[in-house]
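The values are calculated or read from the model by the stated rules, or taken from the named source; none is laboratory data. Please read these numbers as outputs of a predicted model, since none were measured by experiment. Note that we place each Cβ from the backbone using ideal geometry, even for glycine, and neighbour counts take in every protein chain shown.
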Amino acid sequence: MTDLTVETRRIDPVPSLIPYSDPTHPLLFLRRGDGIAGIGEALRLEFRGPTRLADAAAAWREVAASARVDDEVRIGGSGLVGFGAFAFDDDSTRTSVLIVPRVVIGRRNGVGWVTRVNGADDAITASPLGAEYRLSLHPGALPPDAYRDAVRSAVGRILSGSLEKVVLARDLVGHVPAGADLRRVLLELALGYPDTWTFAVDGHLGSSPETLVRVYGGDVTARVLAGSHARGADAEADAAAALELATSSKDLDEHRFAVESVLRALRPHGPGITSTELPFTLKLPNLWHLASDVHGRLSDGSGALDLVAALHPTAAVAGTPTRAALDLIRELEPFDRGRYGGPVGWVDQAGDGKWAISLRSAEVDADGTLTAFAGAGIVAESDPDRELAETKLKFRPIVEAFG
Ligand SMILES: C=C(O[C@@H]1C=C(C(=O)O)C=C[C@H]1O)C(=O)O
């Protein structure tokens, strides 16, 4: 592998990162206007199979150790960065990637920068958006009726004692016209869901509210989501919806499994890592979620990718116990989730980084085939109609951004 030469220079912060990214191959990780956009690929690493995350962590350590980095900005996202998107399942046929762009444009807290790899001299320009397009998405391999049946089967397994929780997803499919400017969709997502992580890596894009893990200078944070409720039609109904969620033993159970799975994975790397004592209600434009924040200090020098490898898959996207949940997902979902439910984010030279769980997301293949997934946590008290309705709400960001 050739050693990378990386140079970061301060620039006036660009007003919006999205118009600077590539129209058909955007690389983006953004929240509330701050983040990084990549152009081109200076280095692309691909991984597969059960060790894909550990392999990526090891490969990245080598890339980082051999890179010559001159960074006059030195904040999260400056210097050497790799964008990553990883498949959910060990047996997925979808490739997991780490990509070092040729050029990165970043902005954070009023500071702007540009990073050039191996002397890339691309001009930094916002290009006009391509033609408008709209597409409709249709049920895929697990249509609504079959999804209800799958939920019923899962509840049966839970009641028989095989497991406590499983997250079941269904799929929608569509076709993106050739040459479509994907930045249009990213702008819609970023405007509509400003508090989420709007991302695009290797044809996989979305707006995720769930932080898998964030590492910076030995501090670690995560935001666990599990337990959902539709927003109310008016202020009063909306407050009632939040209260119902915050006091629902079904949702609190579902949530507890997810928080416990995160703490179990992180504590070996920092015994003092804790979560907020009680979950809080997080308001998104389409949904209420139960949320818990996790934070602490790392005691073993783990990098973001090491923790991603330790955490994935959490009970927010798989279930509890993990093995039984993954087996049931394979049995009841007639598709490969690809990178939905997998880690997506970036890592820097020090091993710091920000990673979300790919939710509210879609995969756009080279031939324009679009596949989107949305799921819901199934526990003993789950009702098939309500879980189906929940997946509909979770599809909304993607359906509306492409529609
Ligand atoms: C599985 C999804 O979302 C996850 C499941 C949730 C739930 O079951 O309540 C809530 C947030 C996410 O952790 C999805 O968006 O597809």
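Restricted to the stretch 295-403, the set of helices (runs of 4 or more DSSP H) holding at least 1 residues that are touching a residue at least 24 places away in the same chain (Cβ under 8 Å) and within 12 Å of the ligand (Cβ to nearest atom) comprises 322-332, 384-402.
Scanning the stretch 49-56 finds no residues that are of a type in the set (S, T, N, Q) and touching a residue at least 40 places away in the same chain (Cβ under 8 Å). Taken over the stretch 224-263, the criterion of being basic (K, R) and under 26 Å from R214 (Cα atoms) is satisfied by R256 alone. Screening the stretch 212-261 for residues that are among the polar types (S, T, N, Q) and within 20 Å of the chain's Cα centre (by Cα) and picking the one that is nearest to the ligand (Cβ to nearest atom) gives S228.
Of all the criteria given as (1) touching a Phe, Trp or Tyr at 6+ places or on another chain (Cβ under 7 Å); (2) under 21 Å from H204 (Cβ atoms), the one not satisfied by T93 is (1).
Annotation note: Cβ proximity below 6 Å between a residue of the stretch 35-46 that is under 23 Å from G112 (Cβ atoms) and a residue that is at pLDDT 95 or above and surrounded by fewer than 17 Cβ atoms within 10 Å (Cβ to Cβ) (sequence gap 6+ or interchain) occurs for A42/N118.
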